[in-house]
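The block underneath contains the structure these notes are about, expressed in structure tokens.
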Amino acid sequence: TGKGNKQRLVPFGRPASRALEEYLRHCRPALARPDGRDRGRLFLSRTGRPLERVAVWQIVKRNAAIAGLRDVHPHMLRHSFA
């Protein structure tokens, strides 16, 4: 859900779909906590808790640096597709 509690569809390509399927099949079950603290979130931290905003920011920054990109922020991803 987004602003105003509205649901929306987010299109993504075949490579992203395959990566998500792989994550759901192999990675997420290994990360999920038996106590249910993941609260049904899609992406989890290494400790099985919902992935925090700061962690997403760090992942984006780290991978941007590896790719040789500077001044990249997670919000920029929203504008790269629209």
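The values are calculated or read from the model by the stated rules, or taken from the named source; none is laboratory data. Bear in mind that the values here come from a model prediction, so they are computed numbers and not experimental data. A quick note on method: Cβ atoms are made from the backbone with ideal geometry, for glycine too, and the neighbour counts reach across all protein chains shown.
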Q. Mind checking which residues of region 51-70 are loosely packed, with under 11 Cβ neighbours inside 10 Å and farther than 21 Å from GLY40 by Cβ?
A. ARG62, ILE66, ALA67, GLY68, ARG70
Q) Which one of these is assigned to a helix (DSSP H, G or I) and outside the structural domain of HIS79 (by TED's automatic domain parsing): ARG39, ARG28? A) ARG28
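Does PRO11 satisfy the criteria of being touching a helix residue (DSSP H, G or I) at 6+ places or on another chain (Cβ under 9 Å), surrounded by 13 or more Cβ atoms within 10 Å (Cβ to Cβ) and modelled with pLDDT under 90?
Details: touching a helix residue (DSSP H, G or I) at 6+ places or on another chain (Cβ under 9 Å): yes; surrounded by 13 or more Cβ atoms within 10 Å (Cβ to Cβ): no; modelled with pLDDT under 90: yes.
No.
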